[in-house]
Amino acid sequence: MPLTLSHHQLSLFGDNISGAGHLDFIYPQDVSDSDFKAAFDELRILHRGMMMKLDKLNERSRLCEWLRNNMDEEGAKIEGEKGCYKIPFGETYDEYFQQLTKNSKANMKKCYNRINKTGTHMELNVIHGPFSDLHSLKELLQVYTKRQGEIIHRSINFGKYLKNRYLSALTWAMEQLDSQYSFLLYLNGELAAVMTGFEMNDHGIVFPIVAMNSDWQRFSPGKVMIAESVKYLQENTDIRYIDLSRGEERYKREMGGQKHLNFTCTLTL
């Protein structure tokens, strides 16, 4: 149970510092209800009377399921929920494309037509496993940091880039883990969109980092990157869904995203 204690409140480790889309305890797939009960009984012995706040619990989590089924007995409450979007895409690109809405199909065709008519060269770079290309990593984090500022309508200084580069748990994981996947879409040799995530054990990838370079906004590079990534994954892997994690951005729905929820659960031990 990776927990931190601060100001008499227990929280899941990584909340607000890791950039993670989902947080959870660590347990095997065959974990039982009695295992969760025993764990919380032990926590009450160690930290009786303290508040516990479990943020970013996904509805697919066994821990989340157990808490929601035992809320009265455990004194738990759901304090909030946030949407996440998963894009399943089947075995062929045509199968994926046909599941999009009529407007989304038309918009995707416009994106590719604009790239072709302007003679724009497009290239998708895929990095799987530990991210060792330092030049590409710098480019990726520059685009990501810039986009973070644009989303909150505020210029972000160089210090934020340094934090993302050297102090982020996500960057450490990118450089260390075999499960890492990054997709970098280049237009005319310039990085136009990126997404970085980690392979799950159910033929999917969760992407906590997704960003576009606003200099190429008229080409909708984020959508094109997702479409090209789907093609790559279908042709080269057994991965059959991508999860774009938290956030209600419209493009996630337009690209075939299916909503699922993250919950914030609180209880007094």
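The values are calculated or read from the model by the stated rules, or taken from the named source; none is laboratory data. Model, not experiment: these values are computed from the prediction. Note that we place each Cβ from the backbone using ideal geometry, even for glycine, and neighbour counts take in every protein chain shown. When the accessible area is computed, the model is the full protein with side chains, heavy atoms only, and any ligands, DNA or RNA have been set aside. Shrake-Rupley method; radii C 1.70, N 1.55, O 1.52, S 1.80 Å.
List of remarks:
- Contact annotation: residue pairs with Cβ atoms under 6 Å, 6 or more positions apart or on different chains, pairing a residue in region 161-180 that is small (Gly, Ala, Ser) with a partner that is open to solvent by 50 Å² or more (accessible area, probe 1.4 Å), are 179/199.
- In region 91-105, the residues that are closer than 17 Å to residue 259 by Cα and open to solvent by 20 Å² or more (accessible area, probe 1.4 Å): 99, 101
- Against the test of being among the aliphatic types (A, V, I, L, M), more than 18 Å from residue 188 (Cα to Cα) and open to solvent by less than 50 Å² (accessible area, probe 1.4 Å), the options 127, 115 yield a single qualifying residue, 127.
- Per this entry, residue 84 is not counted among residues that are in contact (Cβ under 8 Å) with a residue 60 or more places away in the chain, closer than 18 Å to residue 221 by Cβ and not β-branched (Val, Ile, Thr).
- Residue 147 vs. criteria of a type in the set (D, E, K, R) and closer than 20 Å to residue 251 by Cα: yes
- Residue match in region 218-234 (condition: over 17 Å from residue 126 (Cβ atoms) and out of contact with any Cys (no Cβ under 9 Å at 6 or more places or on another chain)): yes
- When residue 167 is tested against (1) under 22 Å from the mean Cα position of the chain (by Cα); (2) at pLDDT 95 or above; (3) open to solvent by 100 Å² or more (accessible area, probe 1.4 Å), only condition (2) is not met.
- For region 235-265, the set of residues classified as open to solvent by less than 20 Å² (accessible area, probe 1.4 Å), more than 17 Å from residue 57 (Cβ to Cβ) and part of a strand (DSSP E or B) consists of 241, 242, 244, listed by residue number.
- Contact map, region 96-123: first residue in contact (Cβ under 8 Å) with a residue 40 or more places away in the chain, second residue surrounded by fewer than 16 Cβ atoms within 10 Å (Cβ to Cβ), Cβ cut-off under 6 Å, separation 6 or more or different chains; pairs are 96/90; 120/188; 121/188.
- Taking the conditions (1) in contact with a helix residue (DSSP H, G or I) (Cβ under 9 Å, 6 or more places away or on another chain); (2) modelled with pLDDT of 95 or more; (3) not in a helix (DSSP H, G or I) in turn, residue 140 satisfies each one other than (3).
- Taken as a whole, the structure leaves residue 63 outside the set of residues that are open to solvent by less than 60 Å² (accessible area, probe 1.4 Å) and closer than 12 Å to residue 261 by Cα.
- Within region 191-209, residues that are closer than 17 Å to residue 149 by Cα reach partners that are open to solvent by 10 Å² or more (accessible area, probe 1.4 Å) and aromatic (Phe, Trp, Tyr) with beta carbons closer than 6 Å, at six or more positions or on different chains, in the pairs 192/216; 209/144.
- Remark: residue 145 matches the filter, which requires a residue to be polar (S, T, N, Q), part of a helix (DSSP H, G or I) and open to solvent by less than 90 Å² (accessible area, probe 1.4 Å).
- All positions within region 15-74 that are among the aromatic types (Phe, Trp, Tyr) and in contact with a strand residue (DSSP E or B) (Cβ under 9 Å, 6 or more places away or on another chain): 25, 40
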